[in-house]
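Enquirer: Take this structure first; my questions come after.
The values are calculated or read from the model by the stated rules, or taken from the named source; none is laboratory data. Quick caveat, the model's predicted, so the values are computed rather than measured. Counting neighbours? That spans all protein chains shown, and the Cβs are built from the backbone with ideal geometry, glycine included. Quick note on the areas: whole protein, heavy atoms, side chains included, nothing else; ligands and nucleic acids left out. Shrake-Rupley method; radii C 1.70, N 1.55, O 1.52, S 1.80 Å.
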Amino acid sequence: MRRVLVLGGTGWLGREITQRAVAEGAEVICLARGDSGSVPDGARLVRADRLSAQAYDGVAGEWDDVIELSHDPRFVDPALDALASRAAHWTLVSSVSVYSRNDEPDADESAAVVEPRDTSEYADAKVAAERSSLEHLGDRLLVARPGLIVGPGDPSDRFGYWPARFSRSGPVLAPTTADRFVQAIDVSDLAAWIERAGRDRLSGAVNAVGEVIPLAEFLHAAAEVAGYDGEVVELSDEALLAHDVQYWAGPRSLPLWLPLSDAAFAQRSGAAYLASGGIRRSLHETLSRVHADELARGIDRERRSGLGTGDERAILVARRLL
């Protein structure tokens with residue numbers, strides 16, 4: 001029986017990968033503290049503090065695939081030291097955030113990456129993890145570089161903000177959509193590809209990214225899924241920034257909104273992903289899944305990303321748009 005070790009497996013993407021590997025008949029062990037939840041049925045959790053010198057004592061033997069989800073060098077490097085020699089294949093989940101430029105539409109995996117000078121920075125840590133993993137594993141390593149990961153249960157609340165917002169009434173505040181794009185990959189599609197790539201022992205770096213969708217088309221699709229037929233009010237970057245609205249994510253943000261100078265962040269080439277068997281479900285299907293999840297979780301709940309109802313209304317009133 002194929003043996004798969006997931007370093008994590010109780011969080012969002014890790015749990016999806018674990019479920020897929022179990023469904024494909026693998027023996028799956030998840031090594032984690034277990035603070036993020038339980039492992040899926042059919043998998044076994046080995047509780048461990050990855051900062052401990054004994055962290056990997058409970059995962060003896062050979063592994064057909066090891067899947068590393070962390071970017072923290074305190075976790076990545078000891079795992080490689082302990083397990084690399086016993087892994088037939090290793091998958092490091094990295095990110096398209098490793099690239100040093102976001103102004104090159106359709107850039108592929110050969111694009112320049114940042115120099116990892118400060119591993120407390122996310123991109124720097126991911127590049128450091130890639131380089132350390134390559135040094136230990138060579139052609140046994142797959143570096144998966146996802147873009148924006150979306151789907152039910154997304155803890156970041158970015159993508160889901162829009163179908164949730166369109167589920168409420170009143171004018172919807174949005175950034176100007178011209179020359180802007182959304183590029184998202186459904187978490188279930190990504191997990192399925194990672195599991196299959198491990199079975200196929202795929203190596204190298206791959207941008208695991210979704211289709212490039214114009215922002216205007218994305219907002220229209222989100223409104224359609226939510227049954228919204230009201231007004232969408234676009235404001236310029238200057239106007240939004242003047243009201244302390246943040247780019248991309250986090251409190252008081254308009255999620256998925258990027259500066260025009262970084263528009264190509266959402267226009268990465270996904271040719272290698274598709275060539276290696278990656279699938280992309282339709283935007284409508286992903287939005288429908290996310291909309292149902294948002295309704296179940298509560299569209300008025302406290303969110304990690306987005307504008308609160310009061311903040312949005314205050315901006316529209318201040319701009320004499322409401």
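Enquirer: Among VAL143, VAL150, VAL98, which is over 16 Å from ILE194 (Cβ atoms) and not hydroxyl-bearing (Ser, Thr, Tyr)? Give the steps one after another, and end with the answer.
Expert: Numbers: VAL143 fails: over 16 Å from ILE194 (Cβ atoms); VAL150 fails: over 16 Å from ILE194 (Cβ atoms).
Only one candidate passes the filter, namely VAL98.
Enquirer: Another one. Just need a number here: residues in the stretch 15-71 that are of a type in the set (D, E, K, R) and in a helix (DSSP H, G or I). Walk me through how you get there before you give the answer.
Expert: At the first step, the residues of the stretch 15-71 found to be of a type in the set (D, E, K, R) are 15-16, 20, 24, 27, 33, 35, 41, 44, 47, 49-50, 57, 62, 64-65, 68.
Those still in the list that are in a helix (DSSP H, G or I) too: 15-16, 20.
Total satisfying the criteria: 3.
Enquirer: Would you mind listing the helices (runs of 4 or more DSSP H) fully within the stretch 242-322 where at least 3 residues are open to solvent by 70 Å² or more (accessible area, probe 1.4 Å) and closer than 28 Å to GLY227 by Cβ? Full working, then the answer.
Expert: Values: elements: 271-275, 283-297, 309-318.
Correct list: 283-297, 309-318.
Enquirer: Another one. Condition (residue is in contact with a Pro (Cβ under 7 Å, 6 or more places away or on another chain) and among the β-branched types (Val, Ile, Thr)) applied to the stretch 280-296: is it met by at least one residue? Step through it out loud before you land on a result.
Expert: Here is the first cut: in the stretch 280-296, the residues in contact with a Pro (Cβ under 7 Å, 6 or more places away or on another chain) are 287, 289-291, 293-294.
Retained after the next criterion (residues that are among the β-branched types (Val, Ile, Thr)): 290.
Yes: one or more hits.
Enquirer: Which one of these does ARG196 not meet: (1) closer than 30 Å to VAL4 by Cα; (2) open to solvent by less than 40 Å² (accessible area, probe 1.4 Å); (3) outside any strand (DSSP E or B); (4) not hydroxyl-bearing (Ser, Thr, Tyr)?
Expert: The failed condition is (2).
Enquirer: Moving on. Looking at (1) within 21 Å of SER156 (Cβ to Cβ); (2) modelled with pLDDT of 95 or more, which one does ASP300 not meet, given that it meets all the others?
Expert: Failing condition for ASP300: (2).
Enquirer: Now for a different question. Is one or more of the residues making up the stretch 74-81 open to solvent by 60 Å² or more (accessible area, probe 1.4 Å), charged (D, E, K, R) and part of a loop (DSSP other than H, G, I, E, B)?
Expert: no
Enquirer: I'd like to check something: does the stretch 213-225 contain any residue that is in a strand (DSSP E or B) and either over 22 Å from GLY14 (Cα atoms) or open to solvent by less than 40 Å² (accessible area, probe 1.4 Å) (or both)? Spell out the reasoning first.
Expert: Restricting attention to the stretch 213-225, the residues satisfying the condition of being in a strand (DSSP E or B) are 213-214.
Imposing the further condition that a residue be either over 22 Å from GLY14 (Cα atoms) or open to solvent by less than 40 Å² (accessible area, probe 1.4 Å) (or both) reduces the set to 213-214.
Yes: one or more hits.
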